[in-house]
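Worksheet for the structure shown next.
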Amino acid sequence: MDETASTSRKRQRDPESGSSDLLEDSLALTDTFVAVRMMSAQFPCIEKVSIRPFVLQSQLYSSIKDRTQVDKELESLKREKMVRILKLNTGRDDHAIMLLEDYLSQIEHVIKIMEEKKKEKLTVFEWFKAHIISSKLDPCIGHHELCSLLSLGGKVEEEHVSLLINAGLLCLKNED
C-alpha cells in the first residue's frame, strides 16, 4: 500500500518527552489506573471543603474483580510516583489512593491556609515535599526516619512534626 494514499495523520510525539509518555501510556492502560482516574473525576467538588479527590482501596476492590491485580498495579503506580497511598486513621484497614498531582495540590492548599493563619516554620512543608514524598513511598514512616529525612532540609524540631500532623499530612500511630 502506498504511504501517500493515506489521508489520516498520526500524532507526532515530542522527542524529549517520549520515554515519560511511554511510561505514562503503559501505566495509564492498567485497569487500576483507569479506575482511579474515573473515580477521582467523580469525586464531589464542594466549595467549602478543601479535600482533593481520593479513592478508597476497597472501592477499587469492588470495581475490579482481581484484588491481586489491583495490589500489583497500585504497587507499580506507587513506584512510578503516579499515585500516593495514604493510611486512613479510621480504625479500619483501608487506604486512600490519591493521584500524585492531587496530593501535591492538597499540600499547596494546606500551605496557603497556614500562611493565612500566619503560622511560622512553613519551610517544613517544602522539606516534606522534597525529602519525604520523593523518597518514602510507603504510607507509614517512623518518627526517627521522618526526622532524619526532614533534617536534609534543615534543623528539625518537634514543632515541625506537629505542624505536619495538624495539617493532616501525617497521623500518629501507636507502636505495637
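The values are calculated or read from the model by the stated rules, or taken from the named source; none is laboratory data. All values derive from a computational prediction rather than experimental measurement. No Cβ is skipped: glycine too gets one built from the backbone with ideal geometry, and neighbour counts run over all protein chains shown.
Among the residues of region 127-176, the one identified as β-branched (Val, Ile, Thr) and over 18 Å from LEU86 (Cα atoms) is VAL156. Residues in region 98-131 that are under 10 Å from the mean Cα position of the chain (by Cα) and of a type in the set (Gly, Ala, Ser): SER105 only. For region 109-130, a residue qualifies if it is surrounded by fewer than 13 Cβ atoms within 10 Å (Cβ to Cβ) and over 16 Å from GLU159 (Cβ atoms), and the qualifying residues are LYS112, ILE113, GLU115, GLU116.
Checked against (1) assigned to a helix (DSSP H, G or I); (2) closer than 19 Å to MET82 by Cβ, VAL110 meets all criteria but (2).
Does GLU145 count as surrounded by 12 or more Cβ atoms within 10 Å (Cβ to Cβ) and among the charged types (D, E, K, R)? Yes. The one condition from (1) modelled with pLDDT of 90 or more; (2) under 25 Å from LEU88 (Cβ atoms); (3) hydrophobic (A, V, I, L, M, F, W, C) that LEU152 does not meet is (2).
Here ILE97, ILE165, ILE111, ILE132 are screened, and the one residue that is under 17 Å from VAL55 (Cα atoms) and either in contact with a Lys or Arg (Cβ under 8 Å, 6 or more places away or on another chain) or not assigned by TED's automatic domain parsing to the domain that holds VAL55 (or both) is ILE97.
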